[in-house]
Amino acid sequence: MNMPLSDTIVGIATLQGASALNVLRVSGSEAISAVAQIFQGKDLCEVPTHTVHYGHIVENGAVIDEVMVSVFRRPRSFTGEDVVEISTHGGSFIPNKILSLLIQKGCRTAERGEFSQRAFTNGRIDLTQAESIMDMISAKNDAQLRLAARGLQGEVRSLVGEMQSVLLGLLSQIEVNIDYPEYDDVVQVTDEILAPGLEGLKSRMDDLLRKASTGKVIRDGIRTVIVGKPNVGKSSLLNSLLREDKAIVTDISGTTRDIVEGEWNLGGIVLRLADTAGIRDTSDVIEQIGIGKSKKALEEADLVLLVLDQSRKMTQEDLQLLEMTKAKTRIIVGNKIDLGKNVDLEKEKMINVSALTSAGIDKLEAEVKRLFVDESLFGASEVLLSNARHIGKIREARQSVEDALVACARHLPVDMVEIDIRNAWEALGEITGECGSETLVSSLFSRFCLGK
């Protein structure tokens, strides 16, 4: 997405449809003058920054809408350019009509994420803050919102900057050693200066990566699939967890023939639940398709809830599913405990529940948290990494630090150690956008919504 920054862009920043209000955002060197041409009220070209003005949008003297217009002059705006936001009445026709008028006045329709990309290009935000904007928009609970807000406030950027400062300090020591070879003492430089700094940094990165699993679970949730043979109560369990009748429940074997999905908000983490068709041998062509989807969902899942029927003895189908899911992170759920207890696994833990009465659901919740979440990190003051891109770059930087430590241990020339340290610094720089390709930046912003 190669977008010129010299032109003026306009986009509808709110969802269109039946609503009280809509907001159009305009950014660029001609933003204020373009809106002023269709605004009847104060002369927007003369108003001070960060002010709101009542008036009307007009076309050829005819009033289109009664609006409030906010003016933000550069560089004190979100994008760092002149920005105007127009609050209109809701619906689809009015904002699109005003959008069309602004295009006639020389504005261009913004692409996805273009406002945020301009904010990044103009130094108002870094990539971590840009990604946090979308995380805030998509947040579904308090924990996700807190995580996104901390990223938007620049805490991830500060964390990365601290680690980069350590690396830059080490690089400066190497430069001194290279520039003044008469003081060359490779062993002293590596053993007394570089190695301790690298060891401390490696320990810091290890701690970040260890805690990142909790951050990632908070941000992305847990892909969870409910599997079992037909009629063990998978759909009933889904409905019980969601507290709604999401899936059809009958006594007829093989009722569920496609994936039924829902989200279970579990105290700050979201389980993306998928109720699957009962896995068994069948000649029914439609059911076979559903079973194929079940197996694919099973392969992609972070967590498997394997449901067994406590009201009956285990069958060969149950044993096959136990074998099929043994390599996955799973919780074995003994359902229909209200009808008896006929299944007892000697070597594996089983959570007994009744999807009908919700008995035991609290124990299931506790087991999910035990497997995936370090609850001591919820609400903690330290920064949690949660973005998969950030985590990957920290891993990359950590490997370069490890390589530098190996080079130090072998007392290789310091300019060889410098290569690994510089690689670590650049990997960290890609997190904030200080380093990295234009393709990466364009790809990231193309995932944003229109108007953002």
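The values are calculated or read from the model by the stated rules, or taken from the named source; none is laboratory data. From a predicted model like this one, the values you see are computed outputs, not experimental measurements. Counting neighbours? That spans all protein chains shown, and the Cβs are built from the backbone with ideal geometry, glycine included.
Out of (1) at pLDDT below 85; (2) more than 30 Å from L319 (Cβ to Cβ), the odd one out for I252 is which? Of (1) at pLDDT below 85; (2) more than 30 Å from L319 (Cβ to Cβ), only one is false for I252: (2). When M68, M3 are checked against the criterion of being modelled with pLDDT under 95 and either over 15 Å from G106 (Cβ atoms) or in contact with a Gly (Cβ under 9 Å, 6 or more places away or on another chain) (or both), a single residue qualifies: M3. Take the conditions (1) under 30 Å from G113 (Cα atoms); (2) in contact (Cβ under 8 Å) with a residue 24 or more places away in the chain; (3) of a type in the set (S, T, Y); S437 misses just one of them, which is (2). Pairs linking a residue in region 119-148 that is closer than 30 Å to K369 by Cα to a residue that is of a type in the set (V, I, T) and outside any helix (DSSP H, G or I), with Cβ atoms under 8 Å and 6 or more positions apart or on different chains, are I133/I125; K140/V270; N141/I269; N141/V270; A143/I269; Q144/V270.
Look at Q104 and say whether it is surrounded by fewer than 14 Cβ atoms within 10 Å (Cβ to Cβ) and modelled with pLDDT of 95 or more. So Q104 passes the test. When you check R157 against the structure, is it over 30 Å from Q37 (Cβ atoms), in a helix (DSSP H, G or I) and in contact (Cβ under 8 Å) with a residue 40 or more places away in the chain, yes or no? When the stated conditions are applied, R157 passes them. Quick one: would you say L308 is surrounded by fewer than 17 Cβ atoms within 10 Å (Cβ to Cβ), more than 24 Å from R219 (Cα to Cα) and at pLDDT 90 or above? Here the answer is no, as L308 does not meet what is asked.
Region 25-102 holds strands (runs of 3 or more DSSP E) entirely within its bounds, and those carrying 1 or more residues that are under 31 Å from the mean Cα position of the chain (by Cα) map to 62-72, 83-89. Listed by first and then second residue, the pairs with beta-carbon distance under 6 Å, at least 6 apart or on different chains, first residue in region 43-70 and without any contact (Cβ under 8 Å) to a residue 24 or more places away in the chain, second of a type in the set (A, V, I, L, M, F, W, C) and outside any strand (DSSP E or B), are C45/I32; C45/A36. Regarding region 380-387, can at least one residue be identified that is in contact (Cβ under 8 Å) with a residue 12 or more places away in the chain, exposed (fewer than 14 other Cβ atoms within 10 Å of the Cβ) and part of a loop (DSSP other than H, G, I, E, B)? Yes. Is it the case that region 338-350 has a residue that's of a type in the set (V, I, T) and either assigned to a loop (DSSP other than H, G, I, E, B) or without any contact (Cβ under 8 Å) to a residue 24 or more places away in the chain (or both)? Yes: region 338-350 contains one or more residues that are of a type in the set (V, I, T) and either assigned to a loop (DSSP other than H, G, I, E, B) or without any contact (Cβ under 8 Å) to a residue 24 or more places away in the chain (or both). Residues of region 196-238 being at pLDDT below 90, part of a helix (DSSP H, G or I) and small (G, A, S), which ones? Those that are at pLDDT below 90, part of a helix (DSSP H, G or I) and small (G, A, S): S213, G215, S235, S236. Considering each residue of region 365-378 in turn, at least one proves to be closer than 27 Å to Q164 by Cα and either touching a residue at least 12 places away in the same chain (Cβ under 8 Å) or not in a helix (DSSP H, G or I) (or both). Checked against the criterion of being within 19 Å of the chain's Cα centre (by Cα), over 22 Å from V441 (Cα atoms), among the basic types (K, R) and assigned by TED's automatic domain parsing to the domain that holds A195, the candidates R150, R146 yield just one match: R146. Applying a threshold of 7 Å to beta carbon distances and a minimum spacing of six or more residues, or different chains, the list of pairs starting in region 417-428 at a residue that is closer than 17 Å to V176 by Cβ and ending at one that is hydroxyl-bearing (S, T, Y) and part of a helix (DSSP H, G or I) reads V417/T190.
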